[in-house]
Amino acid sequence: MNKVKEGKIIVVVAPSGTGKSTLIKKLKEDFKQLVESTSCTTRPIRKGEIDGVHYFFLSKKEFLQRKNEGEFLEWAIVHNNYYGTSKKFVEKKITEGQSLIFDIDIQGADAFFKYFKKKSHSIFISPPSIKELEKRLTSRGTDTERVIKTRIENAKKEILRKNDYEHSLVNDDLKKTYSELYTIVKNILEE
Ligand code: 5GP
């Protein structure tokens, strides 16, 4: 019997408001073999989100219990909420030959690279500028002013790490950035 080829792990890190969700959505449409991992979070559910699809929305108590039971491959507090990736989910999919794309924060990505070493691929996407990021977060209308302020401060710190990634892109033009991202992902999946 042929051994199933392990799936690929692609980690995309970008400050929130960079256009990462749009870019990942497009990738999933173009590469049907690519599945996005569903994380757990304690963040309040946003309008239009579905529990179990966008995230598994947990109470803080439940999240901490699962964390203590060792369920998460990585977890982090991002913008004052907990987020985590299920170890079982990832290992099962990869072993079955399923390639996964992850939208996680920089702390989670660090833990990821330690866990998977060279088995994972990393892509960082920067906004064109902090000013533009602020504009995008404000016009998105999903977060309060205080939350936006936290996200901007975090973005500044995250951007300092962009060169630690295998690939680093600037989303100053969605079409151009997507074309660059498409080529990177195509090469990874065909390796
Ligand atoms: P949002 O609340 O806007 O959906 O996500 C906020 C941030 O949390 C994003 O930067 C996203 O990449 C990050 N995030 C989402 N899921 C996970 C996860 O499982 N682990 C970690 N470390 N970060 C995550």
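The values are calculated or read from the model by the stated rules, or taken from the named source; none is laboratory data. Model, not experiment: these values are computed from the prediction. Backbone-built Cβ (ideal geometry, glycine too); neighbour counts: all protein chains shown. Only protein heavy atoms, including side chains, enter the accessible area calculation; ligands, DNA and RNA are left aside. Shrake-Rupley method; radii C 1.70, N 1.55, O 1.52, S 1.80 Å.
Things worth noting here:
- Flag for Ile106 being open to solvent by less than 50 Å² (accessible area, probe 1.4 Å), more than 10 Å from the ligand (Cβ to nearest atom) and among the hydrophobic types (A, V, I, L, M, F, W, C): no
- Residue list for the range 128-151, restricted to those being part of a loop (DSSP other than H, G, I, E, B) and farther than 25 Å from Lys176 by Cα: Gly141, Thr142, Asp143, Thr144
- Where a residue in the range 18-41 is away from the ligand (no atom under 13 Å from the Cβ) and its partner, wherever it lies, is among the small types (Gly, Ala, Ser) and not in a helix (DSSP H, G or I), with Cβ under 7 Å and at least six apart: Gln33/Ser99; Leu34/Ser99
- Thr177 being open to solvent by less than 80 Å² (accessible area, probe 1.4 Å), within 30 Å of Gly7 (Cα to Cα) and more than 18 Å from the chain's Cα centre (by Cα): no
- Residue in the range 101-136 that is farthest from Gly17 (Cα to Cα), counting only those that are touching a residue at least 60 places away in the same chain (Cβ under 8 Å) and hydroxyl-bearing (Ser, Thr, Tyr): Ser120
- Once the range 63-114 is narrowed to residues that are within 15 Å of Gly7 (Cβ to Cβ) and of a type in the set (Phe, Trp, Tyr), the residue that is modelled with the highest pLDDT is Phe102.
- Some residue of the range 36-52 being open to solvent by 80 Å² or more (accessible area, probe 1.4 Å), over 19 Å from Ala111 (Cβ atoms), modelled with pLDDT of 95 or more and in a helix (DSSP H, G or I): no
- Taking the range 72-88 as the range and being near the ligand (Cβ under 9 Å from one of its atoms) and in a loop (DSSP other than H, G, I, E, B) as the test, only His79 passes.
- Gln65 vs. criteria under 20 Å from Lys20 (Cα atoms), open to solvent by 40 Å² or more (accessible area, probe 1.4 Å) and away from the ligand (no atom under 13 Å from the Cβ): no
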